[in-house]
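Asker: Dropping a structure here in structure tokens format, bear with me for questions.
Values in this text are rule-based calculations from the coordinates and carry no lab data. Since we're looking at a predicted model, the values are computed, not measured. All Cβ positions, glycine included, derive from the backbone under ideal geometry; neighbour counts span all protein chains shown.
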Ligand code: AMP
Ligand code: FE
Ligand code: FE
Ligand code: ZN
């Protein structure tokens, strides 16, 4: 595969397209991306409602010039996003939001600029996506006992090969007129405490970070200070030892107390801090650019990554 994000891939003008990892420090003042940056966006390749190209257009319309596509457990949107970014004159950081689990709670690990062909990472995302499909079928069967809902309704809400999740079941429930919106579906039928919920397979957070790091990527915990509270320090320490680069402190779901604690860890360990929207198109109220990442932090992510390169305009 010779994709534009391949490290060292040559084009007619290698200085324009090819990012050598680790050289940004010497390029201060000539950064090839433009901030502010939004590094957490979803498309129809997972649970967003816009195609990767539409996501890039939406982000551009909101005045952003650097973005990362971070669909859940898949890289299948990268090519389309790269092409759209190119035609819009934007910089794209190919990324992903990798599912992980600590005991009962789901943990989301944002991964940037990893090698999409890394065998262990591919095997892991394949396994998660296939477990998500099985799990959605079981949930659909359980829901069908009480509501007029069929598996075909859910299939109709997903594009071929997409990472299937509860949001697609929510969209099927909306289409059937059983709930008003995704938020209502999540607080009722899709609630983890309810009778219909089934957990999906996901690696533990330390393994998730280790695999991303082994694939040359940069791992950042998504919305790390949400309602579920911070992960135990023992797990955070394990993740940092496995190569965790930082925290997404700018996210609407983070709570102030947790942010304060994480800021202390960031200062002690000189970690990367990001801010992003977690845009899902119409699937969530989150809008591109509602939180952003500073140029210095984007530069640190690019400098640290060895798995793939950004797509520059
Ligand atoms: P799953 O990974 O299939 O269990 O579904 C979790 C996904 O649902 C997350 O990625 C969120 O983007 C989305 N989600 C969670 N809660 C809500 C909500 N209240 N409204 C819309 N989307 C949600
Ligand atoms: Fe999502
Ligand atoms: Fe998430
Ligand atoms: Zn997300």
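Asker: For residue 250, only one of the following conditions fails: (1) in contact with a strand residue (DSSP E or B) (Cβ under 9 Å, 6 or more places away or on another chain); (2) more than 16 Å from ligand 3 (Cβ to nearest atom); (3) in contact (Cβ under 8 Å) with a residue 40 or more places away in the chain. What is its number?
Answerer: Here residue 250 meets the rest and fails (2).
Asker: Could you grab me the full set of residues in the range 126-142 that are over 20 Å from the mean Cα position of the chain (by Cα) and more than 15 Å from residue 173 (Cα to Cα)?
Answerer: The answer is 134, 135, 138.
Asker: Here's a check for you: in the range 263-274, which residue that is closer than 17 Å to residue 291 by Cα and free of Cβ contacts under 8 Å to residues at least 60 places away in the same chain is surrounded by the fewest Cβ atoms within 10 Å (Cβ to Cβ)?
Answerer: Applying the filter and picking the extreme gives 263.
Asker: Going by the structure shown, is residue 253 surrounded by fewer than 17 Cβ atoms within 10 Å (Cβ to Cβ) and within 27 Å of residue 58 (Cβ to Cβ)?
Answerer: The answer is yes for residue 253.
Asker: Further question: Give the range 278-296 a look and list any residue that's within 13 Å of residue 67 (Cα to Cα) and not in a loop (DSSP other than H, G, I, E, B), or say none.
Answerer: Scanning the range 278-296 gives 279, 293, 295.
Asker: Right, something else. Just one of (1) surrounded by fewer than 17 Cβ atoms within 10 Å (Cβ to Cβ); (2) closer than 23 Å to residue 45 by Cα; (3) in contact with a helix residue (DSSP H, G or I) (Cβ under 8 Å, 6 or more places away or on another chain) trips up residue 161, so point out which.
Answerer: All conditions pass for residue 161, except number (3).
Asker: Return a yes/no flag: does the range 272-286 have any residue that is within 30 Å of residue 117 (Cα to Cα) and away from ligand 4 (no atom under 16 Å from the Cβ).
Answerer: yes
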